[in-house]
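The values are calculated or read from the model by the stated rules, or taken from the named source; none is laboratory data. For clarity, every value in this text was computed on a predicted model and none was experimentally measured. Every residue, glycine among them, receives a Cβ derived from its backbone with ideal geometry; neighbour counts consider all protein chains shown.
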Amino acid sequence: MSSASPRVRYSISSKRLRPRRKADWVRRRLREKAQGIHEEFAVVRISAVDTKIVRVPFTHGDDSTVGRAGNLRLSTLNTLLVRVTTDTGIIGWGEAFGFDLVDVTKAAIDRLVSPLCIGHDVADAEGLNAILSHRLHNYGRNGPVSFGISGIDIALWDIAGKLAGLPLHRLLGDGGKDIVPAYTSLLRYGDAATVESNVRLAVSRGYRAIKLHEIELAVIRAGRNAAPDSVSLMLDVNCHWAPPQAITFARSLQKERIFFIEEPIWPPEDMIGLGQVSAQSGIPIAAGENATLMDFHTMITTGAVRFVQPSVTKIGISGLLKVAAWAAEHGVLVSPHSPYFGPGLLATVQVAAASKHDIAVERYGVELAADLFDGAITPVNGRISVPPKPGLGIDPSEDVIARFG
Ligand SMILES: [Mg+2]
């Protein structure tokens, strides 16, 4: 299931196209498609879309027991792999959201999305994303169908990098980073002692930023007290409050030096409420893991949040790039949502490396029994090395897929 070498397989235009010009070709093809210009060169097309679920047991923090963990009550960490094969043999990998929804998203891809992709130009990720989103919009604009479309979008960007012979970050931008910062996203433990010990463990592993998922003041304070002042502490409450409660709670946290509060209110698409919390809480607000592109546009242009949090397995790389561009235009910061361990995490690393801005990559605070990338993007001292090979940089381990798929 590994991808073929782009140099060998990319022979369809070899009479016209020298290898050293491949990157220029891919960039020009992307630009032409965006401008609606008819393609001049031979087209590489999608010949198959396959899906595979990998379910990996995990432990978390200083708790060595395997079991249902966090506010999501997860028992395994599930990754829905999306494999796109082209008619020239190149393979791209994507990931669609996620967790315990993977069976439903898989069915959406297999039954609805995949058949519509066959024969489409692989250089047109954004165009295919738009076609699929419109064609299938009746089935939900923020759910299994759009998550499936996002998985295919990621795979097409992987293919674009492989065709260009470049790691995706070099195809996307001029950030030129070999290493990106990571923060650890701890699960919800609900008691002060466990939070304290897990914060200390994260600090000992070199993380300079830690996110809690706690909702009780005393527990959050315990987390703050366990970390040096130099370590940033974020708080994600997963849409726990109404706006007035969120404002009151945030005001009680002023001494805890919280870097941002994530998804403070229910429902997450209440942009007016988010704006009220931002204006009155005294702590920067972050949101976006449950947002559509239109939601992002609204929250950015109305100043409802300080940080936007696009989730690549939910809106694809094409969507993430749009959100990042809007954010840059309006002075809003980007802090991607990426509690994944598959191509979605790799895609987030590549986008962070391409950015001129400092973007910290979210790393879910668990230890898996097996890693699809054999530890290549496991943070060391709170930093992730950016894979230098073409596309996303690493294909998922066939051995791990065979063992846990
Ligand atoms: Mg969150």
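Values computed for the structure shown
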read-out: The listed residue being of a type in the set (A, V, I, L, M) and within 16 Å of the ligand (Cβ to nearest atom), out of ALA360, ALA354, ALA325; value: ALA360
read-out: Qualifying residue in segment 243-251 (condition: away from the ligand (no atom under 16 Å from the Cβ) and over 18 Å from ALA218 (Cα atoms)); value: yes
read-out: Residues located in segment 261-290, provided they are within 16 Å of the ligand (Cβ to nearest atom) and closer than 19 Å to GLU329 by Cα; value: PRO284, ILE285, ALA286, ALA287, GLY288
read-out: Lone qualifier among ALA226, ALA160 - being among the aliphatic types (A, V, I, L, M), at pLDDT 95 or above and more than 30 Å from GLY391 (Cα to Cα); value: ALA226
read-out: Residues satisfying the stated conditions in segment 359-391, i.e. closer than 15 Å to ASN78 by Cα and in a loop (DSSP other than H, G, I, E, B); value: GLY365, VAL366, ALA369, ALA370, ASP371, LEU372, PHE373
read-out: Close pairs from segment 263-281: first of a type in the set (Phe, Trp, Tyr), partner not in a helix (DSSP H, G or I), Cβ under 6 Å, at least 6 apart; value: TRP266/CYS239
read-out: Which numbered condition GLY190 fails, given (1) part of a helix (DSSP H, G or I); (2) free of Cβ contacts under 8 Å to residues at least 60 places away in the same chain; value: (1)
read-out: Which numbered condition LYS314 fails, given (1) touching a His at 6+ places or on another chain (Cβ under 9 Å); (2) free of Cβ contacts under 8 Å to residues at least 40 places away in the same chain; value: (2)
read-out: Hey, VAL308 outside the structural domain of SER146 (by TED's automatic domain parsing), closer than 30 Å to LEU166 by Cβ and away from the ligand (no atom under 16 Å from the Cβ) or not; value: no
read-out: Residue, farthest from PRO336 (Cα to Cα), within segment 365-386, restricted to residues that are buried (at least 21 other Cβ atoms within 10 Å of the Cβ) and touching a helix residue (DSSP H, G or I) at 6+ places or on another chain (Cβ under 9 Å); value: LEU372
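Residue-by-condition table, conditions (1) within 15 Å of GLY365 (Cβ to Cβ); (2) more than 16 Å from the ligand (Cβ to nearest atom):
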{"position": "ARG208", "(1), (2)": "yes, yes"}
{"position": "LEU212", "(1), (2)": "yes, no"}
{"position": "ILE215", "(1), (2)": "no, no"}
{"position": "ALA218", "(1), (2)": "no, yes"}
{"position": "PRO228", "(1), (2)": "no, yes"}
{"position": "LEU235", "(1), (2)": "yes, no"}
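So that you can scan it fast, the table gives a plain yes or no per residue for (1) surrounded by 17 or more Cβ atoms within 10 Å (Cβ to Cβ); (2) in contact (Cβ under 8 Å) with a residue 24 or more places away in the chain; (3) part of a helix (DSSP H, G or I); (4) outside the structural domain of THR79 (by TED's automatic domain parsing):
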position	(1), (2), (3), (4)
ALA328	no, yes, yes, yes
PHE341	yes, yes, no, yes
LEU346	yes, yes, yes, yes
ALA352	yes, yes, yes, yes
HIS357	no, yes, no, yes
GLY393	yes, yes, no, yes
